[in-house]
Amino acid sequence: MRRTLLLAFLAGALVPACGGADAEQEPAAVAPTTTEAAPPETTTEETTTSEAATPPPKPQAPAGVPAFAAGYRGWTKLNAEPIPPRDSDPHNGTKNVYVSQPAGPDGVFPSGTIVVKDATRPGADFTGLIAIMRKRQGADPEHNDWVFVEFTRDAANARYELQAEGAVCWSCHIGAQDTDYVFTAGR
């Protein structure tokens with residue numbers, strides 16, 4: 001398109017200059033020039049896979065924590081502000097609680113829901129505790145099918161190790177039976 005405009009302009013400018021037209025006559029029609037940007041040129045080149053945008057990497061669970069908890073900090077956070085430590089706190093530290101899917105209108109979480117509580121221990125600057133509730137149909141009907149596990153570590157670069165599971169966990173969470181065993185539900 002640029003070449004066509006340039007040739008039309010040159011042809012119109014050269015005709016009077018070469019004596020091919022009377023000076024009294026109107027100049028030959030010339031394509032108008034504009035200051036607008038020319039439309040982008042199209043190309044037939046194909047984008048190769050290496051040039052295409054690569055998707056972000058899939059989140060990974062912290063070392064020692066089950067893969068199903070990967071990316072939990074991207075889930076819905078149940079507490080508006082971090083939960084501070086309290087006396088005789090079984091999950092000692094400043095805590096945040098995340099859920100993979102919301103509770104139903106009846107306040108009961110659907111099967112497949114995962115709740116993750118993480119805590120930064122007093123005096124530490126890393127997450128030292130990850131407690132997980134995972135609802136699996138038929139896993140524990142007496143406790144609304146929640147499976148409880150807790151992992152801890154003592155250093156930022158350490159692998160999480162299993163600290164507690166089962167009865168030791170649900171014996172405390174029985175106090176939240178009315179909110180489907182989740183203490184932060186509805187807060």
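Derivation of every value follows stated rules applied to the coordinates shown; laboratory data play no part. Fair warning: this is a prediction, and the values are worked out from it, not measured in the lab.
Translational diffusion coefficient of the range 68-181 (Stokes-Einstein, Kirkwood radius from Cα pairs, 20 °C, 1.002 mPa s): 146 µm²/s. Per-residue 3J(HN,Hα) values for the range 117-127, derived from phi via the Karplus relation 6.51 cos²θ - 1.76 cosθ + 1.60 with θ = phi - 60°, read 10, 10, 9, 9, 5, x, x, 9, 10, 9, 6 Hz in sequence order (x marks Gly and Pro). Output ³J(HN,Hα) for the range 81-93: one whole-Hz value per residue in order, computed from phi by the Karplus curve 6.51 cos²θ - 1.76 cosθ + 1.60 with θ = phi - 60°, and x for Gly and Pro. Result, ordered by residue: 10, x, 8, x, x, 9, 4, 6, 7, x, 10, 4, x Hz. In this structure, the amide hydrogen of Val65, modeled 1.01 Å from its nitrogen in the peptide plane, lies closer than 5 angstrom to those of Tyr160, counting only residues at least 5 positions away or on a different chain.
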